[in-house]
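Reading through the structure tokens given below for one structure.
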Amino acid sequence: MERLKIALLAGGDSSEREIALQSAAQIEAALDRDKYDVTVIDLHRRDWLYTAPDGSRWQMDKNDFSLTVAGCRREFDYALILIHGTPGEDGRLQGYLDMMGIPYSSCSMTSSVITFDKITTKRTLAGHGFNLARERFVRRGEAVDPAALVAELGLPLFVKPNASGSSFGVTKVRTADALPAAIDAALAESDEVLVEECIAGQEIGCGILVTKQKEYIFPETEIVPKNDFFDYEAKYTSGRSEEITPARIPQSVRDELNRMTRDAYRLCRCSGVVRVDFIVTPEGKPYFIELNSIPGMSAGSIVPKQAAAMGMSLGELYDLVIADTRRP
């Protein structure tokens, strides 16, 4: 059987670059080499580089999505995208691959644009049975009255970049005086900022994959950060959070989370593996936080642990993804 020639696209240009490289390395190791001929391409701004075993580096030809190494030209059947942030999660890479006629593993360009933009995701889900935190949307250069924001949304508040991940630029604000600095920190990651009321409760991550044949709802993960919230340090530093799979929640809450996860996947027109995050209040009411169209796949990430809890290896998971998204 001829192996599928896969370009595993890694790295990217955002603050999440190092996490994306870790995700790519873990998936590269998990893929079945009897089925797949895998070439890792590190995307970093204009450079799309393959590093050969001897350390030499070769630039991919973006004109036709090919790679020539020492005079030998490689073409690819499929792109496996493991880039968090831009250009992998915001639709830019998907648009390019669509033009090249290359099938890929993630959500479509349209879906990626919707889900990477937090306010657009909330607007897409509004009116469809989702509990959503109240928010104010702030653009770069827009004047902000901290006292008015606090009067409207209360304290504490979360200040988030509108288009970013891994909690980069996110601040939990407890006083009005701290708002301007928090907005500046978010603007370092994105030109637009979301200021949201704080919903207290359990943070729950819900993985999902829907193929043409079957729906896979992964066991929910309860996230218990030792920091003030699930920030970058709590996510990626060993011992800074406890992740409990399956989550300690009543069946009624689990059913509602499954319903909302399915609906978010469908309404945002997702494909591939997705993680949807929620806060569940002490009364058992789930609030949607965000949807990750290319969730982390590093050793410390949530979805790999969820897959393992349901008896599925990462290799088996990506067999399903590739079979569902490649061309016949």
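The values are calculated or read from the model by the stated rules, or taken from the named source; none is laboratory data. Being a predicted model, the structure only gives us computed values, none of them experimental. Backbone-built Cβ (ideal geometry, glycine too); neighbour counts: all protein chains shown.
For region 96-111, a residue qualifies if it is assigned to a loop (DSSP other than H, G, I, E, B) and either of a type in the set (D, E, K, R) or on the phi > 0 side of the Ramachandran plot (or both), and exactly one does: G101. The criterion of being surrounded by 13 or more Cβ atoms within 10 Å (Cβ to Cβ), more than 25 Å from G315 (Cβ to Cβ), in contact with a helix residue (DSSP H, G or I) (Cβ under 8 Å, 6 or more places away or on another chain) and outside the structural domain of G11 (by TED's automatic domain parsing) does not hold for T86. For region 264-293, filtering for residues that are touching a helix residue (DSSP H, G or I) at 6+ places or on another chain (Cβ under 8 Å) and of a type outside the set (G, A, S) leaves 15.
When we screen A25, A10, A29 for residues that are assigned to a strand (DSSP E or B), within 25 Å of the chain's Cα centre (by Cα) and aliphatic (A, V, I, L, M), the only hit is A10.
For region 245-278, taking the residues that are of a type in the set (K, R) and part of a helix (DSSP H, G or I), the one that is surrounded by the most Cβ atoms within 10 Å (Cβ to Cβ) is identified as R254. If you go through region 28-38 and keep only what is of a type outside the set (A, V, I, L, M) and surrounded by fewer than 18 Cβ atoms within 10 Å (Cβ to Cβ), you end up with D32, R33, D34, K35, D37. If you check A148, A126, A176, A181 for being small (G, A, S), assigned by TED's automatic domain parsing to the domain that holds L267, more than 20 Å from the chain's Cα centre (by Cα) and more than 30 Å from K62 (Cβ to Cβ), only one passes: A126. Here D42 fits the description: at pLDDT 95 or above, acidic (D, E) and either touching a strand residue (DSSP E or B) at 6+ places or on another chain (Cβ under 6 Å) or assigned by TED's automatic domain parsing to the domain that holds E316 (or both).
Considering the conditions (1) in a strand (DSSP E or B); (2) within 18 Å of L291 (Cβ to Cβ); (3) of a type in the set (V, I, T), I114 is excluded by exactly one of them, (1). Is it the case that some residue within region 157-172 is assigned to a helix (DSSP H, G or I) and either modelled with pLDDT of 95 or more or not hydroxyl-bearing (S, T, Y) (or both)? No, because not a single residue in region 157-172 is assigned to a helix (DSSP H, G or I) and either modelled with pLDDT of 95 or more or not hydroxyl-bearing (S, T, Y) (or both). Filtering V159, V138 for residues that are surrounded by fewer than 23 Cβ atoms within 10 Å (Cβ to Cβ), touching a helix residue (DSSP H, G or I) at 6+ places or on another chain (Cβ under 8 Å) and not assigned by TED's automatic domain parsing to the domain that holds L291 leaves a single hit, V138. Among the criteria (1) within 19 Å of the chain's Cα centre (by Cα); (2) part of a loop (DSSP other than H, G, I, E, B); (3) more than 24 Å from D263 (Cα to Cα), the one L93 does not fulfil is (2). Reported count of residues in region 204-214, each being surrounded by fewer than 20 Cβ atoms within 10 Å (Cβ to Cβ) and either in a strand (DSSP E or B) or under 18 Å from the mean Cα position of the chain (by Cα) (or both), is 1.
Comparison of I41, I19 shows that the only residue that is assigned to a helix (DSSP H, G or I), under 23 Å from the mean Cα position of the chain (by Cα) and of a type in the set (V, I, T) is I19.
Looking at (1) part of a helix (DSSP H, G or I); (2) of a type outside the set (A, V, I, L, M); (3) within 24 Å of M260 (Cβ to Cβ), which is the one condition that is false for F137? Going through the list (1) part of a helix (DSSP H, G or I); (2) of a type outside the set (A, V, I, L, M); (3) within 24 Å of M260 (Cβ to Cβ), F137 breaks only (1).
Which residue out of L49, L8, L21, L43 is of a type outside the set (D, E) and in contact (Cβ under 8 Å) with a residue 60 or more places away in the chain? Among L49, L8, L21, L43, only L8 is of a type outside the set (D, E) and in contact (Cβ under 8 Å) with a residue 60 or more places away in the chain. Counting just the residues of region 173-192 that are in contact with a strand residue (DSSP E or B) (Cβ under 7 Å, 6 or more places away or on another chain) and part of a helix (DSSP H, G or I), which one comes out farthest from R17 (Cα to Cα)? Within region 173-192, the match that is farthest from R17 (Cα to Cα) is L179.
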